[in-house]
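As C-alpha cells, the structure follows; a few thoughts come after it.
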Amino acid sequence: MALRIWASSTASALKISCASKGHPSRCFSTVLDGLKYANSHEWVKHEGSMATIGITDHAQDHLGEVVLVELPEPGGSVSKGKGFGAVESVKATSDVNSPISGEIVEVNSKLTEAPGLVNSSPYEEGWMIKVKPSSPSELESLMAPKEYTKFCEEEDASH
C-alpha cells in the first residue's frame, strides 16, 4: 500500500496522469520530454546527427516481463514504419518498428544478456538501436510527449 501512495504522490509531483480505468492504483506510464513518439509505441531521441530508438514505458508495461530482444546488425538500415527487431515477453512476441529511416550505427548488445533492461529502464539502459537518420524531417511526423500521452490514454480507454 505504501508503494501505491508513493507512486501516486510521485506521479502527482511529476505531473504524470494516473489512469483510473481498469487500473485504479496504476499510474500512467512515464513519457519523457525531449523525445518523439510513434503510434506503434517506439521513442526517438534525436541528438546531433544521431537518433536513439527504443520502445516506450507504455509498450513494455503492456508486454510484461521481457525475456528476449532480437536486434539487427550494425551497418544495416531501417525504414520508417518497418520492423527492425522483436521483443519477446512472457505474454507475446511483438515486432519493433522504426519511427524513422536511416543507417544503423550501433546496437545495444547489453539487451542480449539482460533483456529485462527494456522493462526496468526503457528510456536509458533499455535503448535498442542508434541510427544516423537519412531523412531527419521524418521526426516532424512523430508525436510530442503530450500528444503521445493522450494517444495512449485514448487507446487504453478503447480496450
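Nothing in this text is a laboratory measurement; each read-out follows from the coordinates by a stated rule. The shown structure was predicted, so the numbers you read here are calculated from the model rather than taken from an experiment. Here the Cβ positions follow ideal geometry from the backbone for every residue, glycine too, while neighbour counts run over all protein chains shown.
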How big is the C-alpha Rg of the stretch 32-157 next to the rule-of-thumb value 2.2 N^0.38 Å, as a ratio? 0.97
Simple SL model, points at 7 angstrom along Cα→Cβ for VAL67 and ASP33; separation in nm is 4.0 nm
For the stretch 96-159, with equal point scatterers placed on the C-alpha atoms only and solvent neglected, what are the log10 I(q)/I(0) values from the Debye formula at q = 0.15, 0.18 1/Å, to two decimals? -0.67, -0.89
When THR93, THR52 are ranked with the fewest other C-beta atoms within 10 Å first, the list becomes THR93, THR52
Compute the label zone of SER109 within the stretch 37-79: residues whose backbone N is under 18 Å from the point 7 Å along Cα-to-Cβ. 69-76
Name the long-range amide H neighbours of VAL96: under 5 Å, sequence gap of 5 or more, or other chain; modelled H, no Pro or chain starts. PHE84, GLY85, ALA86, VAL87
